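Enquirer: My questions all concern the structure below.
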Amino acid sequence: MNSSDLRLAVQKAVEKAKIVDVHTHLYPPCCDKLLLRGVDDLLTYHYLTVETLRYGEIGPEKFFSLSKHLQADIIWDVLFERRSPVSEACRGILTTLNSYGLDPTSESLGSIRQYFSELSLDEHVDLVLEKSGVDTLVMTNNPFDEEEEPHWGPEFISDNRFKTALRIDDMLNSPQATFKKLEQRGYKPVTDTGGLDYCVMRKFLLDCANRIEPVYLAASLPPGFDWSEDAIGYRVLKNVVLPCCEERGLPIALMIGVKKLINPVMGLGGDGVGCSPVEAVAKLCLENPSVKFMVTMLARENQHELAVTARKFPNLTVFGCWWFLNNPSLVEEITRMRVELLGLSFIPQHSDARVLDQLIYKWKHSKGIIAEVLYDKYADLAKTGWQVSAEDIGRDVEMLFSENAKELTGIK
Ligand code: HDL
Ligand code: ZN
């Protein structure tokens, strides 16, 4: 295959690859308003609100007191009307609108809003999954989320395209507060003598798992998470969470490096990033060889050591270019490094989508970069005399976009 045929073959294979999106914040249609969608939700995504507020034309308190409609008007004016929308989050809006055949350079925000208002929830979900190529997505399901948890029931897990992940940050990062919530739900996690009752906590997690049938358990951890053996969060991880994962045969996804609310006034956009000890991941993988770990780290500086660590532990799967890493320059750098160090034994991306329509741009942008990296790697192989066939390329691409995730999580 000559280089232009090779590039075409890779692009075609990546373009048609069906996707298992292992981390999102989306909800099935039965959750109605919980599922964010349409242009106002796209524009008021926390990535764009903080980019707007950087220009200081309006203060955060005033901005967040406005309706979503007015917030979107301001964001549109500041980032699109009066400046070129060059940031990744802005470009994402344009890619998404373009995929619907909407041209924001000629259409008003009003007419764009009109378009979305005419899409029913079910039509919208079907349209976005078809356009984005996402076959199956995994949600983020926090048992302590008071808006979401009432939806947990048979209908919540009836749409096979929407899988659940039991998200238990609170148990590890704020255990004392969580113990109080467990007591309110009839669980007694602390004994009369002040000891921790791990069995009760495991029963809580297993009761949750019986309700939503998660494909993995997940927790995001701060850079300063206390990994020492006697730290309460670590003891809960070791004696409650990991045993539940082993009992149910579920992976544990650790998302490490978020500094929560470094600027609280920014709300969801107020989180920062910090370097975390990768050796803690290595120690977990070493001490729990029968547990499957999925790990993504938020700091660019952690990526190389994490990839090298994954080489040492078959029970460690690196996944995604998470959050502040989901930018073309970093997705390319990280994906190149991962292919060079891990071959095809990792999950290159997840969308982290909070708004339904984001699936379209987050995957279109990532697919373009991953295709470019794969082309270069196959071209390097060709220079050694190793020619890949279109079938080889298709097989490899399926692994990266769905098969690795299916094998790890049991998604069919
Ligand atoms: O903790 C997480 O799952 C993060 O992805 C946060 O939800 C973050 O706010 C986000 O939206 N990242 O894209
Ligand atoms: Zn997320």
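Enquirer: Keeping the other protein chains in place, figure out the carbon and sulfur percent of the accessible area of segment 3-409, with a 1.4 Å probe.
Expert: 53
Enquirer: Rounded to the nearest 20 Debye, what is the dipole magnitude of segment 268-412 about its Cα centre when Lys and Arg each give +1 and Asp and Glu each give -1 at the C-beta?
Expert: With Lys and Arg at +1 and Asp and Glu at -1, about 220 debye.
Enquirer: How high is the relative contact order of the chain, in percent, with contacts defined as C-alpha pairs under 8 Å that are six or more residues apart?
Expert: With pairs under 8 Å counted, the relative contact order is 22 percent.
Enquirer: Counting only the heavy atoms of the protein chains, how much of His69 is accessible to a 1.4 Å probe, in Å² to the nearest 10?
Expert: Accessible area of His69: about 90 Å².
Enquirer: Filter the DSSP H helices in the chain by two things, a Kyte-Doolittle mean of at least -0.5 and an axial alpha-carbon span of 24 angstrom or more, and list the hits by number.
Expert: 358-383
Enquirer: Give the cross-link partners of Lys260 among the aspartates and glutamates, using a straight C-alpha distance below 12 Å as the criterion and excluding same-chain residues fewer than 8 apart.
Expert: Those aspartates and glutamates meeting the cut-off are Asp169, Asp271.
Enquirer: Continuing with the same structure: Please list, in order, the residues from segment 11-31 whose amide nitrogen is less than 14 Å from a point placed 7 Å along the Cα→Cβ vector of Leu268.
Expert: From segment 11-31, the list is 24-27.
Enquirer: Here is a follow-up. Mind grabbing the accessible area of Thr309 for me, 1.4 Å probe, Å², rounded to tens?
Expert: Counting only protein heavy atoms, Thr309 exposes about 20 Å² to solvent.
Enquirer: Here is a follow-up. Please state the charge dipole magnitude for the chain, taken about the Cα centre, from unit charges on C-beta atoms (+1 on K and R, -1 on D and E), reported in debye and rounded to the nearest 20.
Expert: Dipole magnitude for the chain comes out near 620 debye.
Enquirer: Do you know the relative contact order of segment 72-215, to the nearest whole percent, from alpha carbon pairs under 8 angstrom that are 6+ apart?
Expert: Value for segment 72-215: 17 percent.
Enquirer: Moving on. Please compute the length gained on full extension between Lys203 and Leu121, using 0.36 nm multiplied by the number of residues separating them and subtracting their Cα-Cα distance.
Expert: So the chain would gain 25.9 nm between Lys203 and Leu121.
Enquirer: Follow-up question, since we're still on this one. Loop only per DSSP, at most 12 neighbouring Cβ atoms within 10 Å: give me the GluC sites (Glu not before Pro) in segment 95-140, ordered by residue number.
Expert: Glu118
Enquirer: Counting other C-beta atoms within 10 Å, and keeping those with at most 13, which DSSP coil GluC sites (Glu not before Pro) do you find in segment 219-300?
Expert: The qualifying sites are Glu229.
Enquirer: Which distance in Å, rounded to a whole number, links the C-alpha centroids of segment 15-59 and segment 357-412?
Expert: After rounding, the separation between the Cα centres reads 25 Å.
Enquirer: Kindly flag which residue pairs out of Lys163/Lys377; Lys163/Lys203; Lys238/Lys367 have an alpha-carbon separation exceeding 25 Å in this structure.
Expert: Over 25 Å apart, Cα to Cα: Lys163/Lys377; Lys238/Lys367.
Enquirer: Equivalent-ellipsoid semi-axes (√(5λ), Cα gyration tensor) for segment 3-409, whole Å, largest first?
Expert: Gyration-tensor ellipsoid for segment 3-409: 33, 29, 20 Å.
Enquirer: Filter the GluC sites (Glu not before Pro) in segment 1-104 down to the DSSP loop ones having no more than 12 other Cβ atoms within 10 Å, then list what survives.
Expert: Those that pass, being in a loop and sparsely packed, are Glu57.
Enquirer: Could you name the aspartates and glutamates whose alpha carbon sits less than 12 Å from that of Lys68, not counting residues in the same chain fewer than 8 places away?
Expert: Asp40, Asp41
Enquirer: Nearest 0.05, what FRET efficiency do Tyr55 and Asp145 give at R0 = 30 Å with Cβ-Cβ as r?
Expert: Rounded to the nearest 0.05, the efficiency is 0.40.
Enquirer: Round to a whole angstrom and tell me the spacing of the C-alpha centers of segment 239-301 and segment 96-175.
Expert: Cα centroid of segment 239-301 versus Cα centroid of segment 96-175: 24 Å apart.
Enquirer: Suppose the chain between Glu403 and His46 were pulled fully straight at 0.36 nm per residue; how much longer would it get relative to their current alpha carbon spacing?
Expert: Extending this stretch completely gives an extra 125.4 nm.
The values are calculated or read from the model by the stated rules, or taken from the named source; none is laboratory data. On a predicted model such as this, the values are computed, not experimentally measured, just so you know. Ideal geometry is used to build each Cβ from the backbone, glycine not excepted, and the neighbour counts take in all protein chains shown. To get the accessible areas, we keep the full protein, side chains included, count just its heavy atoms, and leave off ligands, DNA and RNA. Shrake-Rupley method; radii C 1.70, N 1.55, O 1.52, S 1.80 Å.
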